[in-house]
Amino acid sequence: MATSQRDAGPDDAGGGPGSRLSILVVRSGGLAGISQQWQVEPDADAEDWIAMVQACPWGSVGRDDAARDRFTWRIEARMPPRLRTASVPESELVGPWRALVERVQEVGARG
Amino acid sequence: MFTGIVPPYLLARLAQSEAPELHDAAMAAQKTLRHDEPRRARLTFSLDADHRLVAELSDAPNRTISDGHGTEALPGTPVRREGDPAVKDAAVNEAYDGLGATFALYSEVYARNSIDGKGLPLDGTVHYGTGYDNAFWNGERMVFGDGDGQVFGRFTSSFTVIGHELTHGVTQYAAGLIYKDQPGALNESISDVFGSLVEQYAKKQTVTTASWLIGEGLFTKKVKGVALRSMKAPGTAYDDPQLGKDPQPADFAHYVQTADDDGGVHINSGIPNRAFYLVAHRLGGHAWERAGRIWYDTLLSGLKPTTGFAAFGAATAAAAAARYGGSSAEVAAVRAGWSGVGVAIDGDVAA
């Protein structure tokens, strides 16, 4: 699935609201095709979150070409100046990916 | 006349019979007994005009329903196999009956023996995960969640959903449409079309009495909505404060560009869904007979994995021309259907 790592633009660097750590999780697909999303912008325990983000294999997400109607998870971690994004098929949402997503769902605001 | 699954002892007696009037029945019974696995064919008896016994062999499903026990481990524990009586668990029986109804549509209407056309066993797992809001095809089996109880109930509760999932298997074997963008939306739409036809065929509905809804009754009563999708009126299935509004477009001018959902495969399927509805409605009667036949012929016509809406529309017109003639009412209905959703198809439909 699509994965990218890139430096965010100048607007994301330095101080201000754009410099905050934020993690977005979007679940799309499924038979119903109803998307849901959750987001966190942690303050206090940022180091724990950064460790969870860094534990994920951003550069090597597996594929699931046979499945139909399963969920797709888009995960975006903004750690200025860096933005990491990955599109993770449901069957690959295991280990550190699953831990990160479940933590975001647990404490994050639902959109 | 009686129809049904014949117990092995009766088959064995029939197979040994040397009575001339039972010759056909004896041969059919012997053929059934030679199958490696029992009960995969259905033996039907009737009397002809001269009161002779006529025995006919037809395809029969080979279902196994397993219980995931609330885990995500597949396949789970087998709890009802082909021919077993109903169990106490409603989800198991719904899956068993839904797979049977889907097998019946493909076998009786389109002469297709199961997912691969060669009698592939139908394997389903119910009670997958905890509060799992989905049903899916994993490439080998159909998997059903129980829903969270707040928004969704059991995903086995509608024949349209079970038919939808099994049809993903049929499309995998017959056409291999990639699961992204327009080919993905067609893949989804084909599952909705035959999922709806499973329900219509089981209930013997006409194009006017059918609901044309996918997943009717899946939402709990708390949700403002009747179903997941409407083929007749895409975009109208639900409008709920928590879920939002059904995002399906009803025509190509409103095609949704998105990176999520594999390029909106469950959203843009509304366009070919409504094209099918328009074709079926124009032809009238039972949708599985002519509109469904045209779509089934198209599915087997050698579609490229990257087929888009316009090429698929052209293929349906070609399939209608091949079966009913180039100047037939069926071809006119197909053209009007695609035109009705704003998809221009090729001019040449000569078979």
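The values are calculated or read from the model by the stated rules, or taken from the named source; none is laboratory data. In this text the structure is predicted, and so the values were computed from the model without any measurement. Glycine also receives a Cβ, built like all others from the backbone with ideal geometry; neighbour counts cover every protein chain displayed. Heads up: the accessible areas ignore ligands, DNA and RNA and are worked out on the full protein's heavy atoms, side chains in. Shrake-Rupley method; radii C 1.70, N 1.55, O 1.52, S 1.80 Å.
In table form, for the structure just shown:
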quantity	calculated
Residue B:108 away from every other protein chain (no Cβ under 14 Å), closer than 26 Å to residue A:29 by Cβ and open to solvent by 10 Å² or more (accessible area, probe 1.4 Å)	no
Close pairs from the stretch B:320-331: first open to solvent by less than 30 Å² (accessible area, probe 1.4 Å), partner of a type in the set (Val, Ile, Thr) and assigned to a helix (DSSP H, G or I), Cβ under 7 Å, at least 6 apart	B:320/B:294; B:320/B:331; B:320/B:334; B:321/B:331; B:330/B:294
Residue B:137 vs. criteria hydrophobic (A, V, I, L, M, F, W, C) and in contact with a His (Cβ under 6 Å, 6 or more places away or on another chain)	yes
Residue that is most open to solvent (accessible area, probe 1.4 Å), among those in the stretch B:69-83 that are within 23 Å of the chain's Cα centre (by Cα) and either under 15 Å from residue B:147 (Cα atoms) or of a type in the set (D, E, K, R) (or both)	B:81
Elements of type strands (runs of 3 or more DSSP E) in the stretch B:46-119, at least 2 residues being among the acidic types (Asp, Glu)	B:53-59
Pair list, Cβ < 7 Å and 6+ apart or interchain, from the stretch B:96-107 residues that are aliphatic (A, V, I, L, M) to residues that are part of a helix (DSSP H, G or I) and surrounded by fewer than 24 Cβ atoms within 10 Å (Cβ to Cβ)	B:101/B:202
Tabulated pairs, the stretch B:45-65, first in contact (Cβ under 8 Å) with a residue 40 or more places away in the chain and under 17 Å from residue B:26 (Cα atoms), second in a loop (DSSP other than H, G, I, E, B) and among the hydrophobic types (A, V, I, L, M, F, W, C), C-beta under 9 angstrom, 6+ apart or interchain	B:45/B:1; B:45/B:6; B:46/B:1; B:47/B:1
Residue list for the stretch B:221-265, restricted to those being under 14 Å from residue B:151 (Cβ atoms), out of contact with any strand residue (DSSP E or B) (no Cβ under 7 Å at 6 or more places or on another chain) and more than 10 Å from chain A (Cβ to nearest Cβ)	B:221, B:222, B:241
Set A:84, A:63, A:27: member being under 30 Å from residue B:141 (Cβ atoms), at pLDDT 95 or above and in contact with a strand residue (DSSP E or B) (Cβ under 7 Å, 6 or more places away or on another chain)	A:27
Residues of the stretch B:266-301 satisfying the condition of being open to solvent by less than 10 Å² (accessible area, probe 1.4 Å) and within 14 Å of chain A (Cβ to nearest Cβ)	B:266, B:268, B:269, B:270, B:271, B:273
Residues of the stretch A:53-70 satisfying the condition of being touching a helix residue (DSSP H, G or I) at 6+ places or on another chain (Cβ under 8 Å), open to solvent by less than 30 Å² (accessible area, probe 1.4 Å) and among the hydrophobic types (A, V, I, L, M, F, W, C)	A:53, A:56, A:61, A:67
All positions within the stretch A:71-108 that are open to solvent by 40 Å² or more (accessible area, probe 1.4 Å), within 30 Å of residue B:162 (Cα to Cα) and within 12 Å of chain B (Cβ to nearest Cβ)	A:74, A:91, A:94, A:98
Residue tally, condition open to solvent by 40 Å² or more (accessible area, probe 1.4 Å) and in contact with a helix residue (DSSP H, G or I) (Cβ under 8 Å, 6 or more places away or on another chain), over the stretch B:256-265	3
Exclusive hit being aliphatic (A, V, I, L, M), under 27 Å from residue B:293 (Cβ atoms) and touching a Lys or Arg at 6+ places or on another chain (Cβ under 8 Å), set B:99, B:105	B:99
Test: residue in the stretch B:179-188 that is among the basic types (Lys, Arg), outside any helix (DSSP H, G or I) and in contact (Cβ under 8 Å) with a residue 40 or more places away in the chain	yes
Residue B:188 of a type in the set (D, E, K, R), within 20 Å of residue B:299 (Cα to Cα) and touching a His at 6+ places or on another chain (Cβ under 8 Å)	yes
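For every residue, the table says whether it meets (1) facing another protein chain (nearest Cβ under 10 Å); (2) open to solvent by 20 Å² or more (accessible area, probe 1.4 Å).
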| position | (1), (2) |
| --- | --- |
| B:136 | yes, no |
| B:144 | yes, no |
| B:160 | no, no |
| B:211 | no, yes |
| B:216 | no, yes |
